[in-house]
Structures are given as structure tokens and as C-alpha cells.
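The values are calculated or read from the model by the stated rules, or taken from the named source; none is laboratory data. Computed from a prediction, not measured in an experiment: that's the story for all the values here. So basically every Cβ, Gly included, is an ideal-geometry build from the backbone, and we count neighbours across all protein chains shown.
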Amino acid sequence: MRTAPNLRSLVRAKAGAHVSVCLPARNEEPTIGAIVTSVREHLMEEVHLVDEVLVIDDGSTDATAAVARTEGAVVLPTDEILPDLPAGSGKGNALWLSLYACEGDIICWLDADVRNFGPHFVTRLVAPMLMDPTIGYVKAYYRRPLNGEATGGGRVTELMARPLLSALFPHLTRFVQPLAGEYAGRREMLEQVPFVEGYGVEIGLLIDLVARFGLDAVTQVDLDVREHRNRPLDELGPQAMAVLVTGLRRAGVPVDKRLAGLLRFDDHREIERVAVEIRERPPMITVPAYLAKFGRELSA
């Protein structure tokens, strides 16, 4: 667990690196403007730590895109990025597409529903990589209030992700918030692993990056407190299902394709099937258009 050095040291350490901040977003009009403004004013204009801020708009029906664009972000709809490829869906799909859209050597991903965002969300995440070339991926952790209480957020983490890691990947139990939506990584690592299209993306990246590059290449930093829109319980079941399927796959457990849906009872005590996105995008290094844009060679 690491804390960040001061901002001046980070700017000096940045040297020739290009840092991208990216927010995958769907219907986040109330919060996205303040986040983009904070990054632009404090980390792009006051100091030259961040080189670009992008919003990947995943089908918003509110003013998310317009607000983000007004505050200075580059806004790209998911269906306009690599349009010749088969369509995908979900947060992980937006993150995967952002690897192509962003220019940075270091990419810092932020959730767009955070109400108490500050520049330290970015500076603390990118600091370990700017100060230590052996670090390639950084996860956030924080205290998560719920409904006015000091703690209680992160219900999918406590009820699904933590038991899953304890049972199948005990070496990863050191990560306080394995499903945190704030993390940063080096392009050269991120491009080499698959991305789960739905809500399994966070735990999938953590498992895959550690498996490929080793535990010493991954660290975590404290962002203090994170306040965001807490979802109702009925929206958390599909998220937990996606986390479960992702973990089982990576533990070598065969997963029936029928698990693309969560079966549960509705308000009338009838069984309903809730769709769960469990498809995966291949490593970006295998996509010809990406190779052409960034001058990469096909990964072995």
C-alpha cells in the first residue's frame, strides 16, 4: 500500500510520459461535469500532469455527453470506436475500447458517479508508476459510506468478491477493494490481457494482470473516502453474478453459457431471468487496427 509524493515531484517524474484520464459513463449527468472540470483545471491547466481527459459514452440518454464536452473532455460514443468490430456491451467493453481511443502510456480510469471527487484520485493512482518503473497497475482503496453511515458500501465486494478471492485466489486477498472502479495502468500491460465486457472487468483485470506480470507489478493506494450513487439490491445481483463467473473461469472451472442470466424471483414470485454480460474482449494487442495505430507487434 502506497501514498503519493507531492505534486511537484510527480510532474518532474513524468518526463516524457503521456497520461490519459478516462471515464466510462452512462447517464452520469449529475456528477461527470465536476469530475472533468477538476481534472482539467488542476491537473491539465495548473500543472501538466494529465495530457487528456476522455469520456467514453456508453449509450447515455441524458446530458452526460454534452456536460462532459462543455467542461473540456473529449467525448466518444462506444459505437464510434472500432466500429468495424462486432458490437459489445457493458462497462468492460467501454474500458477495452478506451485503450484504442486514449493516447496515454499510462491510463487512469475513474468512475463517473463519484460525488466527492478530488484531484488526489488521479495523482495517487498514477504516482507509483511515475516514481517506480517496476509498477504497472495500481488499484484504489477507500472507505465507502452507505445511507449516511460511515461504512457499509461495497456490498458486492464483501458478499461475493472477497469470499471468491479467499477461496480461489488467496494471494489477492491483500487488495482492500478488488472491485474498485478507480485504477491506473501502463498500456504495455493492459493491452496484453482480455477485458470482461460487463461488471466482471475489475476482478478479471486484477486476476489476469497478476497472473501475467506478477504480484510485485501491482499495488494499491488509499483515496480516503469515496461517495457515490449506491445501487439498490436488485441491481447488485447481476453484478455479483458477473464477478462469480469471471472468477470461476480464471480458476479453471467450466462455466455453462446459460450462466449469462441470473435466475431469481420477481415481485409476483415468478422466476425471471436477468441478463448478465459475461462475454470477453480479446487482448487489444491482437486487434489489427490497434496494432496499426500504436505500432505494436502481435503478442505471442
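Looking at Val210, Val255, Val274, can you tell me which residue is in contact with a helix residue (DSSP H, G or I) (Cβ under 8 Å, 6 or more places away or on another chain), without any contact (Cβ under 8 Å) to a residue 40 or more places away in the chain and in a loop (DSSP other than H, G, I, E, B)?
Details: Val210 fails: in a loop (DSSP other than H, G, I, E, B); Val274 fails: in a loop (DSSP other than H, G, I, E, B).
Within the list Val210, Val255, Val274, the selection yields Val255.
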- prompt: Considering the stretch 38-56 alone, what residues qualify as being part of a helix (DSSP H, G or I) and either charged (D, E, K, R) or in contact with a helix residue (DSSP H, G or I) (Cβ under 8 Å, 6 or more places away or on another chain) (or both)?
  reply: Val39, Arg40, Glu41, Leu43, Glu45
field: Enumeration of residues in the stretch 7-25 that are part of a loop (DSSP other than H, G, I, E, B) and either within 22 Å of the chain's Cα centre (by Cα) or buried (at least 18 other Cβ atoms within 10 Å of the Cβ) (or both)
entry: Ala17, His18
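Looking only at the stretch 261-273, decide whether some residue is closer than 24 Å to Gly154 by Cβ and either modelled with pLDDT of 95 or more or out of contact with any strand residue (DSSP E or B) (no Cβ under 9 Å at 6 or more places or on another chain) (or both).
Within the stretch 261-273, the first condition is being closer than 24 Å to Gly154 by Cβ, and the residues that meet it are 262, 264.
Still in the running and either modelled with pLDDT of 95 or more or out of contact with any strand residue (DSSP E or B) (no Cβ under 9 Å at 6 or more places or on another chain) (or both): none.
Checked against the condition, which is being closer than 24 Å to Gly154 by Cβ and either modelled with pLDDT of 95 or more or out of contact with any strand residue (DSSP E or B) (no Cβ under 9 Å at 6 or more places or on another chain) (or both), the stretch 261-273 yields no hits at all.
Where in the stretch 92-196 are there strands (runs of 3 or more DSSP E), lying fully within it, with 2 or more residues that are at pLDDT 95 or above and closer than 24 Å to Ser38 by Cβ? I'd like the intermediate steps shown before the answer.
Working: elements: 106-109, 137-143, 149-152, 183-186.
In the stretch 92-196, the matching strands (runs of 3 or more DSSP E) lie at 106-109, 137-143, 183-186.
Looking at the stretch 26-37 only, could you name the residues that are surrounded by 18 or more Cβ atoms within 10 Å (Cβ to Cβ) and in a helix (DSSP H, G or I)? It would help to see each step written out before you state the result.
Residues of the stretch 26-37 that are surrounded by 18 or more Cβ atoms within 10 Å (Cβ to Cβ), as a first pass: 26, 28, 31-33, 35-37.
Once the filter is applied, which keeps residues that are surrounded by 18 or more Cβ atoms within 10 Å (Cβ to Cβ) and in a helix (DSSP H, G or I), the stretch 26-37 yields Thr31, Ile32, Gly33, Ile35, Val36, Thr37.
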- prompt: What tally of residues in the stretch 213-240 results from selecting those that are under 18 Å from the mean Cα position of the chain (by Cα), in a helix (DSSP H, G or I) and either closer than 20 Å to Gly92 by Cβ or without any contact (Cβ under 8 Å) to a residue 24 or more places away in the chain (or both)?
  reply: 4
